[in-house]
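Q: The structure's right below; bear with me while I get my questions together.
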Amino acid sequence: MRTLPQAIIQVLRQFELLFSERVWEWAKILLVGAILAPGKRTVTAVLRVMGLSDERQFQNYHRVLNRAVWSPRAASRVLLRLLVSTFVPPGAPVVLGIDDHIKRRREAKIAAKGIYRDAVRSSKSFFVKTSGLRWVCLMLLAPIPWAQRSWALPVLTVLAPSEHYHQERKQRHKTLSDWARQMIFQVRRWLPDRLLVVVADSSYAALALLAACQGLARPVTLVTRLRLDARLYDPAPARKPGQRGPTAKKGPRQPTLLARLSDPATGWQTVTVRWYGGITRTVRLATGTALWYHSGKPLVAIRWVLISDPDGKFESQALLRTDATHTPSQIVEWLVQRWQLEVTFEESRAHLGIETQRQWSDLAILRTTPALLGLFSLVTLFAHQLLQGQELPVRQAAWYTKALPTSATPWPSCASTCGRSRFHGCHPKTPTWCKFQRHCLFGSRMRSPTPRKRRRWIKSSLIHTRLYYGRVLSGYMFRNTR
């Protein structure tokens with residue numbers, strides 16, 4: 001009898017106390033079934049691949065998502081601590097990336113959906129709208145030893161309902177920066193003694209969010225893009241003895257960053273940094289400190305960094321960070337790592353079926369997408385525990401040669417470990433497979449089937465095989481997980 005490897009069981013046991021005994025048994029079936037299931041990640045697809053198509057109490061597995069008592073936030077806390085202890089060395093800064101993702105949904109029963117800009121289909125000159133749910137995801141940007149690069153591992157995902165949703169319920173609408181502030185504060189409570197660095201795009205370059213991160217007892221450093229026409233000021237001059245009136249908040253205004261690009265007095269430094277695509281690039285950097293101020297907004301002290309390409313292949317841009325202790329090249333490399341968030345979203349759509357769920361219950365919607373994104377991080381943890389310091393085999397093809405593992409590489413090995421290797425073969429007692437095999441062996445003595453019949457034979461044989469081996473796996477796979 002085969003069971004899950006001890007390395008995977010040790011990871012799963014960290015989440016056991018979050019569920020009751022009955023719900024934990026159902027949740028384990030859903031977890032492994034989500035790894036094994038091809039195509040849509042619905043509950044029925046998971047039950048089919050686990051050989052539970054004849055399960056009369058199938059509603060119990062739906063209740064794990066829409067009714068059972070367990071906290072996704074508590075699961076995020078356990079997952080974050082596991083990832084940090086595994087991939088982040090002690091004393092090193094914990095680098096997190098935050099971004100929002102639109103999951104396309106059009107069902108009428110989904111109340112939190114809205115109309116948003118589709119970032120995948122839109123461009124600078126072409127605007128595309130889509131109906132869906134907006135999720136804000138916080139990911140750990142951690143170096144993976146056997147991948148020799150940093151990956152974005154989801155740890156905390158929350159639903160940001162549309163403005164129409166809050167207006168119907170007469171509630172105050174929470175913007176993206178409001179959700180980001182709450183998520184950052186939550187992670188600070190989970191990791192009170194670690195240095196936190198949060199990397200975000202220009203959507204989160206809000207003065208209220210920057211000031212909130214600076215105002216914590218243990219400040220969180222935020223790295224994001226900065227407008228070239230932002231209003232930057234010198235620090236306020238010292239108050240003179242006997243001076244009347246309120247104390248000045250800021251000093252004289254500095255030149256805009258757009259003007260500094262063409263100013264001969266700007267002090268440029270040529271450095272080599274790690275760039276997009278895993279390459280190194282030579283760029284020119286200029287840096288300085290200032291106070292960013294806007295009328296009616298809090299005053300924030302920042303360090304700005306200007307990036308210019310000596311070859312002129314990309315447009316000049318500006319970055320900011322709320323802490324002035326690190327070098328400009330380190331700030332640039334942290335922001336370059338933010339692209340891994342887009343890679344994770346793409347891999348989640350391709351391998352996790354992140355847009356294929358069909359739940360319409362509010363509680364099920366709030367749980368399913370965070371669980372699937374968290375599964376991306378769990379598979380990375382499984383692969384790390386199974387490798388034990390060895391290299392991960394990289395599958396090669398004549399048309400696609402990969403030197404290093406990508407974020408999609410651990411999925412086949414983990415699926416094979418969980419029992420998917422039994423699904424690839426066909427059970428010899430399957431009638432349709434016997435018919436297909438006889439044709440392959442004695443094709444000259446039988447009339448050749450039509451392509452449509454041939455595809456039907458293959459499909460039927462695979463379905464029978466998954467049901468056969470799934471019934472076996474569902475009975476003994478989790479005997480040692482308690």
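The values are calculated or read from the model by the stated rules, or taken from the named source; none is laboratory data. Predicted, not measured: the structure shown is a model, and the values here were computed from it. Heads up, the Cβs are rebuilt from the backbone with ideal geometry, glycines too, and the neighbour counts pull from every protein chain shown.
For every residue, the table says whether it meets (1) in contact with a Gly (Cβ under 8 Å, 6 or more places away or on another chain); (2) more than 21 Å from residue 205 (Cβ to Cβ); (3) of a type in the set (S, T, N, Q).
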{"position": "148", "(1), (2), (3)": "no, yes, yes"}
{"position": "153", "(1), (2), (3)": "no, yes, no"}
{"position": "157", "(1), (2), (3)": "yes, yes, yes"}
{"position": "160", "(1), (2), (3)": "no, no, no"}
{"position": "169", "(1), (2), (3)": "no, yes, no"}
{"position": "174", "(1), (2), (3)": "no, no, no"}
{"position": "179", "(1), (2), (3)": "no, no, no"}
{"position": "183", "(1), (2), (3)": "no, no, no"}
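Q: Within the stretch 170-192, count every residue that is more than 21 Å from the chain's Cα centre (by Cα) and in contact (Cβ under 8 Å) with a residue 12 or more places away in the chain.
A: 2
Q: Determine, yes or no, whether residue 40 is among the basic types (Lys, Arg), outside any helix (DSSP H, G or I) and surrounded by fewer than 19 Cβ atoms within 10 Å (Cβ to Cβ).
A: Yes.
Q: Okay, next question. Do any residues in the stretch 137-149 that are over 21 Å from residue 102 (Cα atoms) and at pLDDT 90 or above have Cβ atoms under 7 Å from those of residues that are of a type in the set (A, V, I, L, M) and surrounded by fewer than 20 Cβ atoms within 10 Å (Cβ to Cβ), where the two are at least six apart or on different chains, and which pairs are they?
A: From residues that are over 21 Å from residue 102 (Cα atoms) and at pLDDT 90 or above, the pairs are 142/88.
Q: Considering each of 358, 367, 321 in turn, give the residue that is farther than 18 Å from residue 143 by Cα, surrounded by fewer than 16 Cβ atoms within 10 Å (Cβ to Cβ) and not polar (S, T, N, Q).
A: Result: 358 is the single residue among 358, 367, 321 that is farther than 18 Å from residue 143 by Cα, surrounded by fewer than 16 Cβ atoms within 10 Å (Cβ to Cβ) and not polar (S, T, N, Q).
Q: Output the strands (runs of 3 or more DSSP E) that fall wholly within the stretch 76-173 and possess 1 or more residues being touching a His at 6+ places or on another chain (Cβ under 8 Å) and within 18 Å of residue 346 (Cα to Cα), or say none.
A: Once the strands (runs of 3 or more DSSP E) in the stretch 76-173 are filtered for at least 1 residues that are touching a His at 6+ places or on another chain (Cβ under 8 Å) and within 18 Å of residue 346 (Cα to Cα), what remains is 129-144.
Q: Continuing with the same structure: Any residue at all in the stretch 379-388 that's over 23 Å from residue 84 (Cβ atoms) and under 16 Å from the mean Cα position of the chain (by Cα)?
A: No; the residues of the stretch 379-388 include none that is over 23 Å from residue 84 (Cβ atoms) and under 16 Å from the mean Cα position of the chain (by Cα).
Q: Moving on to the next point. Report, by residue number, each residue of the stretch 374-388 that is farther than 28 Å from residue 157 by Cα and either modelled with pLDDT under 75 or in contact with a helix residue (DSSP H, G or I) (Cβ under 6 Å, 6 or more places away or on another chain) (or both).
A: Residues satisfying the conditions do not exist here.
Q: Follow-up. Here is a list: 65, 79, 83. Which entry is in contact (Cβ under 8 Å) with a residue 40 or more places away in the chain and farther than 17 Å from residue 154 by Cβ?
A: Going through 65, 79, 83 in turn, just one is in contact (Cβ under 8 Å) with a residue 40 or more places away in the chain and farther than 17 Å from residue 154 by Cβ: 65.
Q: Let me ask something else. Can you name the condition, by its number, that residue 233 falls short on among (1) surrounded by 13 or more Cβ atoms within 10 Å (Cβ to Cβ); (2) within 19 Å of residue 200 (Cα to Cα)?
A: (2)
Q: Can you tell me which residue in the stretch 229-279 is farthest from residue 291 (Cα to Cα), limited to those that are in contact (Cβ under 8 Å) with a residue 40 or more places away in the chain and among the charged types (D, E, K, R)?
A: 274
Q: On to the next question. Only one of (1) at pLDDT below 95; (2) in contact with a helix residue (DSSP H, G or I) (Cβ under 8 Å, 6 or more places away or on another chain) is not met by residue 96, so which one is it?
A: Every condition holds for residue 96 apart from (1).
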